[in-house]
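Here the structure comes first, spelled out in structure tokens, and everything after it is commentary.
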Amino acid sequence: MAQIIAEVSRTFNEYLLLPNRTRTDCGPAAVDLRTPLVRHRVGEASAIELHAPFVSAIMQAVSSPELAIALARNGGLSFIHHNQPVEEQAAAVRKVKNFKAGFVTSDTNVRPDDTLRDLVAVMRRTGHSTAAVTHDGTATGRLLGLVTSRDFHPQRHDLDGPVSGRMTPLGELPHAGGDVTLSEANARLWEERLDCLPVLDGEGHLQHLVFRSDYADNKRFPNQVVDGGKRLRVGAGVNTHDYRERVPALLEAGADVLCFDSSDGYSDWQAEALTWTKKNYPEIPIGGGNVVDGEAFTFLAEAGADFVKIGVGGGSICITRDQKGIGRGQASAVLDVAAARDAFLERTGDYVPLCSDGGLVEDYHVALALAMGADFVMMGRYFARFDQAPGAKVPTRDGFVKEYWGEGSNRARNWQRYGQGGQGLVFEEGVDGYVPYAGDLNEGLATTMAKIKSTMVSCGSVTLPEFQSSARLTLVSEQSFQESHASVTLRDTSGTVA
Ligand code: IMP
């Protein structure tokens, strides 16, 4: 006979945190959001720590190199999606690892015999006013000079004349070798009163440009998550079908951490894939999931998972529960798995971090997930709203929206995540839609972090372990949930009363 779990399946909206006593030394500036990413022995530090408890979903519409760079610079980490050929995913990982703050790959490039008219067209397209003149017009060609919009005037100069006539030739152009550091480059920009310093390799090929403004920009990110070589950290998703080829290619590309991405990780396939990876590539940490209960957590932890991801059916684009009738309210799932994680720690001395994945709609849901025992959260919808996410920004009557589609939708067709038999989707488990546009990730994430810090202060905690061990949560009734929202008529911008 089927077993009926007595406890009701609950979501984050059904809980609130009770304030604890806040001591005078517990203010937002004192709050430390550092959190472990991978398995470690009790009392030791995790080999990889996040500086903010956020990772981005393993999805086409979310985890591009651009988003990964922005998120790692803000203390989190992205998992580049695996719904693409191995080589493309490895190239995306390489792009993040090769990112050097302040060192930009020139996107405004011309050949010396291109006309000034061609140059104007390129500048108009890129929106930049400094162009590299290279022998073949590419970003990595042999550098012959630089030309800026200040070097010519459309009324004074013949626009059909060659770029070479107005450029500053390499002989007169201060430049640096490939081993220059950002602070050395910055010192030269100021001492030599330059706006831009080209960086060349031994053969005179252009590698990067360093601009004065980018140095200041880099100073804005004190929380960057970097490896021993000061390169941004990045993760990558893998699946239980082609991991024998994908894992080594991602490792070679420089991925810092991997994660098996499956809508249902409680399977022998995932345990076998974890065991194989641990045996053949013990140096790379690898997470598993998704699960919704303690039994499945213990199964993956015993198979070697370095963190475990929780969540089935709660994602904003997800229709798995409608289609298949499986899943669990995310709050119940996190609480159950966290209890199993603590028991596993007690039994083995290994701390296996937990990731709450999907269904986080309000910023305060993140605080609830962390209070319930998650070490970090994975979000799709949240990140898909920002400029740095790959979905197109679409104008509407009231502003903008961004495209956001599920991995189990017909648009993504990620059959490796949704084993339905064969190489394809038999039915959809996700939808294709839009989310409200939210601007720049740097600003949006700063606001979310400010809210989480403020919640932690109210709960009297300055670290996440403290928050988890002292949080007091209460269930809310339908009536008290209503009370949480404003109950006045809101003033509109014109000041008129409706
Ligand atoms: P969100 O943050 O609520 O948008 O949820 C994102 C999470 O939903 C991802 O990290 C996945 O675990 C899950 N997911 C992604 N695509 C699909 C889908 O097509 N169907 C069901 N779940 C999905």
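The values are calculated or read from the model by the stated rules, or taken from the named source; none is laboratory data. This structure is a prediction, so every number in the text was calculated from the model and none was measured. Neighbour counts run over all protein chains shown; Cβ positions are idealised from the backbone, glycine included. The protein model used for the area step is the full one, side chains on, heavy atoms only, and it has no ligands, DNA or RNA in it. Shrake-Rupley method; radii C 1.70, N 1.55, O 1.52, S 1.80 Å.
List of remarks:
- For segment 370-382, the tally of residues that are within 12 Å of the ligand (Cβ to nearest atom) and over 28 Å from Glu428 (Cα atoms) stands at 0.
- Residue within segment 426-433 that is away from the ligand (no atom under 11 Å from the Cβ), of a type in the set (A, V, I, L, M, F, W, C), outside any helix (DSSP H, G or I) and farther than 21 Å from Ala305 by Cβ present: yes
So that you can scan it fast, the table gives a plain yes or no per residue for (1) more than 23 Å from Val225 (Cα to Cα); (2) not small (Gly, Ala, Ser):
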residue	(1), (2)
Asn239	yes, yes
Asp242	yes, yes
Ala249	no, no
Val257	no, yes
Asp268	yes, yes
Ile284	no, yes
Ser316	yes, no
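Okay, residues lined up against (1) at pLDDT below 95; (2) open to solvent by less than 10 Å² (accessible area, probe 1.4 Å); (3) out of contact with any strand residue (DSSP E or B) (no Cβ under 9 Å at 6 or more places or on another chain):
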{"residue": "Tyr215", "(1), (2), (3)": "yes, no, yes"}
{"residue": "Pro222", "(1), (2), (3)": "yes, no, yes"}
{"residue": "Gly235", "(1), (2), (3)": "no, yes, no"}
{"residue": "Val238", "(1), (2), (3)": "no, yes, no"}
{"residue": "Glu245", "(1), (2), (3)": "no, no, yes"}
{"residue": "Gly254", "(1), (2), (3)": "no, no, yes"}
{"residue": "Cys259", "(1), (2), (3)": "no, yes, no"}
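- Answer residue from segment 289-320, given it is more than 9 Å from the ligand (Cβ to nearest atom) and charged (D, E, K, R) and is least open to solvent (accessible area, probe 1.4 Å) among those: Asp306
- Test: residue in segment 383-402 that is at pLDDT 95 or above, aromatic (Phe, Trp, Tyr) and more than 11 Å from the ligand (Cβ to nearest atom): yes
- Within segment 92-130, tally of residues that are open to solvent by less than 50 Å² (accessible area, probe 1.4 Å), small (Gly, Ala, Ser) and either closer than 30 Å to Val247 by Cα or over 31 Å from the mean Cα position of the chain (by Cα) (or both): 2
- Residue satisfying condition, being polar (S, T, N, Q), touching a residue at least 24 places away in the same chain (Cβ under 8 Å) and under 30 Å from Lys219 (Cα atoms), within set Thr115, Thr130, Thr126: Thr130
- Among the conditions (1) open to solvent by 60 Å² or more (accessible area, probe 1.4 Å); (2) at pLDDT 95 or above; (3) not basic (Lys, Arg), the only one that Ala52 does not satisfy is (1).
- Here Val334, Val377 are screened, and the one residue that is assigned to a strand (DSSP E or B) and modelled with pLDDT of 95 or more is Val377.
- Candidates Gly421, Gly430, filtered to the one that is crowded, with 18+ Cβ neighbours inside 10 Å, of a type outside the set (Val, Ile, Thr) and at pLDDT below 95: Gly430
A quick yes/no check of all residues on (1) open to solvent by 10 Å² or more (accessible area, probe 1.4 Å); (2) within 27 Å of Thr474 (Cα to Cα):
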position	(1), (2)
Ser332	no, yes
Asp350	yes, no
Cys355	no, yes
Leu360	yes, yes
Val366	no, yes
Met378	no, yes
Arg381	yes, yes
Gln388	yes, no
